[in-house]
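Here's the structure we're looking at; comments come further down.
The values are calculated or read from the model by the stated rules, or taken from the named source; none is laboratory data. It should be emphasised that the depicted structure is a prediction, and the values quoted were computed from it without experimental measurement. A quick note on method: Cβ atoms are made from the backbone with ideal geometry, for glycine too, and the neighbour counts reach across all protein chains shown. Remember, those area values only see protein heavy atoms, side chains included, never the ligands or the DNA or RNA. Shrake-Rupley method; radii C 1.70, N 1.55, O 1.52, S 1.80 Å.
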Amino acid sequence: MTHQTVWLSVEEIKLNPNQPRSEVHFDKEKLQELADSIRHVGLLQPPLVRALENKQYELVAGERRLRAAKIAGLKEIPVWVQNQNDRQSALSALIENLQREDLNPMDTAAALHKTCKEYRLTHQELADHLGMKRASLSNQIRLLSLPLIIQKALIKNDISVGHAKLLLSLKNETDCLPIFQVIVRESLSVRQTEELLRKRQKNETSSSQKMASKKNIFLQQIENRLQEKFGTKVCFKGNEQEGILSLHYYNLSDLNRLLNEIGYSEE
């Protein structure tokens, strides 16, 4: 897509509402370093804007450069102007920011989700636009389902995306929060976390099997006693907490016999 270079007042440029990066996540120190560089050598790569109605301009990509230019005291800056609709602008901002290494995982996840929702794109369609694998994009968006405390840890780099994906494999918040706390407290690597989860799963499986075995023995003993008492097949479906007990009968006479055995009366 072609563009033209023009000079604009920094106050004429509106911020892009589709900017993937949250304002609070701009590193102030790095922003000041960029401002110092711009003050000395100028703005080497102009931000990208699009023309709106009433001679207004909206930032498409380059918010960090725009903010640094303002800090450097520049009143006017060179910009590249392109004709883009809302969807094109959102995708351009997303692509530009995804190519940056310092965009945190939660901003990326939120931007991907917002773009899919607002422009009614499937994960596959957006992945095609961005040159990503659909599974990678979907897994990135799934980070938004993590508890807030884990999302904040991702933003602060207390844990990695690798850790987060392992936590997503757990069933619910009750399961993943204790594991998250161990990861942070013991500074576990992703590989160590995988090993922790393997051991946990093995212990849970063993415990479940033992419980099932105990329940089966307990229920089997009751079935045997009831079968001796009523002289018919008795079945349990369920467990010790909840289930169905059934008594089998084979004809009307057999049914009446069982009803008398359990004390049923039509009166």
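Using the Cα centre as the reference, give the magnitude of the dipole from point charges on the C-beta atoms of segment 25-133 (Lys, Arg: +1; Asp, Glu: -1; all else neutral), rounded to the nearest 20 debye.
Numbers: 16 positive and 16 negative charges, 40 e Å.
Dipole size: approximately 200 debye.
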Notebook entry, point to check: Helix-derived [θ] at 222 nm for the chain: sum -39500 (n - 2.57) over DSSP H runs of at least 4, divide by residue count, nearest 500?
Noted result: -17500 deg cm²/dmol
Notebook entry, point to check: Who wins for biggest fluctuation among E242, E118, E223 in a Gaussian network model of the chain, springs between alpha carbons below 10 Å?
Noted result: E242
Next item on the list: Show I183, I217, I155 ordered by accessible area, largest first, where the area counts protein heavy atoms only and the probe is 1.4 Å.
Entry: I217, I155, I183
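If you roll a 1.4 angstrom probe over the protein chains with everything in place, what fraction of the accessible area of the chain belongs to carbon and sulfur, to the nearest %?
Working: 8430 of 17410 Å².
Answer for the chain is 48 percent, counting heavy atoms of protein chains only.
Rank C116, C235 by accessible area, highest first, at a 1.4 Å probe radius?
Details: C116 15, C235 35 Å².
Ranking C116, C235 by accessible area, largest first, yields C235, C116.
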Next item on the list: Note the listed values [x] 6, 20, 19, 15, 11, 9, 8, 6, 4, 2, 0; [y] 6, 26, 29, 21, 11, 4, 2, 1, 0; [z] 6, 26, 32, 24, 11, 1, then indicate which one is P(r) over Cα pairs in 10 Å bins from 0, in percent calculated from this particular structure.
Entry: [x]
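Loop sites only, by DSSP: take the chymotrypsin sites (Phe, Trp or Tyr not before Pro) in the chain that have at most 11 other C-beta atoms within 10 Å and name the longest stretch containing none of them.
Numbers: sites that count: Y250, Y264.
Value returned for the longest uninterrupted segment is 1-249.
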Notebook entry, point to check: Points 7 angstrom from Cα along the Cβ direction at H129 and S9: gap in nanometres?
Noted result: 3.3 nm
Notebook entry, point to check: Can you list the lysines whose alpha carbon is less than 19 Å from that of K70, not counting same-chain residues fewer than 8 positions off?
Noted result: K14, K28, K30
Item checked: 1.4 Å probe accessible area per residue over the chain, in Å² -> 65 Å²
Notebook entry, point to check: Could the peptides 28-35, 85-92 be put in order, highest first, of the mean number of other beta-carbon atoms found within 10 Å of their residues?
Noted result: 85-92, 28-35
